[in-house]
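Notes to accompany the following structure.
Every number here is computed from the coordinates shown, using simple stated rules; none is lab data. Worth saying up front: this structure is predicted, and the values here are computed from it rather than measured. Cβ placement follows ideal geometry from the backbone for every residue including glycine, while neighbour counts extend to all protein chains displayed.
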Amino acid sequence: MTGAQSSWKSFVEAKSEEARPTPKQLAELRVAALQRLGGTGETWQDRLAQIDQWWTQMKKDEQNVTWESAFQANRMTIRGINITRTARYGRFEIGEQANAETNKKYAFLSRDPESIAERLNPDNFQHQPGKKSKKDILGLHALSASLLHGDYSINEQTKGYSDSIVLFFPAPSPEDMQIFDAISHLPGAPPDRLIDMRAKMTRLEGAWHGDMHTTMTYTNGQPRADKKVVSKVSHLYQEITDEKLDRAISVRYGLAGTWKDETGALYKATEKELAERYLYALQHPMILNNPSETVNEVVMSYRQHDSPVFPLYARFDNEKFLICKVTPTAQYRKVISELRRAWQSEGKGATDQKPNPSHTWEATGDHITAHGEYVKAK
């Protein structure tokens, strides 16, 4: 492993901050992505053959992704899942946009391993006339994680996970992220095809060198005002929504957060700064090069992944990550089932019940060392 003698801290201290991306870069990224895609023409139909070829190859490449290949390519993400009584789940009060209709809005957020499996099922995100996406009703929103640098110790790059199991999951390559962003904005892009592709492709919605303090935001089913600058596709759902369907999108994760100024003080992130976070998502290796932060944040839309390795769960024992199977307790299954029923029927879904633990885990015998080496059981 290159850089094994150096620490992550010394690496980031030795780096100067990369130039921050600008809106102009987004246009340049899209032009470059279409050049990599191949073909000619300015519409979806003009590039359809190349789009189909790229998509088929991307899904084929997913089948060969391993822990080692994703980690060494700086594409591995880690997310902690709390399984103690301090875990939060169920209904959450959320932030609002300026045109919100009332003062309080709520969302249901599922963050357990079972909901990760639901996020990997494309059927839960299909939104066609007569069929509504289950994203809101099941709480399958985007979630925060951290991107790992493959040359440095994992525990140096992460928050403490003493009360948690961790989820390892590969991010897409920047090249694939950029191609998908570019083709999503081609004239004539069919909404139903894009929605199907989004249901089958894990994506980064935002990325930053440090903690973004990301929150959920009520959107009232409306597209972003800056959708020409930042790639958001709420408008796709509206185009194909018929009278039998409710609003497809009521909340989004990653449309709000905070920013740290030169003094270290936090303030509410502006639309321009949120746009920067999307640009970093398209170029996510850039967030690994900041001298002042060792733990970054990415906003992940976990979706179908064709590798048999992932999702990969582990428990940190202060030395290594023990690969494990995770099972919900009977009490937790009962509580979460009741919460979902209350949310779906009444818009409620809050509870004081705290199953402890919510899940049990069983080591498989495999483990990952602190420096990222995958060791098979003997």
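Just a few scattered comments:
- Count Lys and Arg as plus one, Asp and Glu as minus one, and take only other residues whose Cβ is under 12 Å from that of Lys320; the net charge is then -3.
- Phi to ³J(HN,Hα) by Karplus 6.51 cos²θ - 1.76 cosθ + 1.60 over the stretch 329-336, Hz, x for Gly, Pro: 6, 4, 5, 5, 4, 5, 5, 5
- Using the Cβ of Ser69 as centre and a radius below 12 Å, the other residues enclosed give a net charge of -2, where K and R count +1 and D and E count -1.
- Vicinal HN-Hα couplings computed from phi for the stretch 305-317 (Karplus, 6.51 cos²θ - 1.76 cosθ + 1.60; Hz; Gly/Pro x): 9, 7, 6, x, 7, 10, x, 10, 10, 8, 10, 7, 10
- Those trypsin sites (Lys or Arg not before Pro) in the stretch 305-377 that DSSP places in a loop and that have at most 15 other beta carbons within 10 Å: Lys348, Lys376
- Counting neighbouring Cβ atoms within 10 Å and putting the fewest first, the residues Val299, Val309 line up as Val309, Val299.
- Residues Ser110, Ser358, Ser162, Ser69 arranged by fewest to most Cβ contacts within 10 Å: Ser162, Ser69, Ser110, Ser358
- Spatial separation of Cα centroids for the stretch 163-216 and the stretch 111-160, in angstrom: 10 Å
- Computed extension gain for Asp196 through Glu68, at 0.36 nm per residue and net of the alpha carbon distance, reaches 43.2 nm.
- Applying a DSSP loop filter and a limit of 15 other Cβ atoms within 10 Å to the GluC sites (Glu not before Pro) in the stretch 302-378 leaves Glu319, Glu373.
- Rounded if a/c under 1.5, otherwise prolate or oblate - the stretch 109-191, Cα gyration tensor axes: oblate
- Label point distance in nm, Lys60-Asp352, each placed 7 Å from Cα along Cα→Cβ: 5.9 nm
- Using a cut-off of 19 Å between Cα atoms, the listed pairs Lys59/Lys131; Lys60/Lys200; Lys134/Lys354; Lys60/Lys135; Lys134/Lys348; Lys59/Lys132 include Lys59/Lys131; Lys134/Lys354; Lys60/Lys135; Lys59/Lys132 as exceeding that distance.
- Among 176-189, 199-212, the peptide with the highest mean count of other Cβ atoms within 10 Å heads the list, and the full ranking is 199-212, 176-189.
- Here the spin labels are modelled as points 7 Å beyond Cα on the Cα-Cβ line, and at Gln126 and Glu338 they lie 3.4 nm apart.
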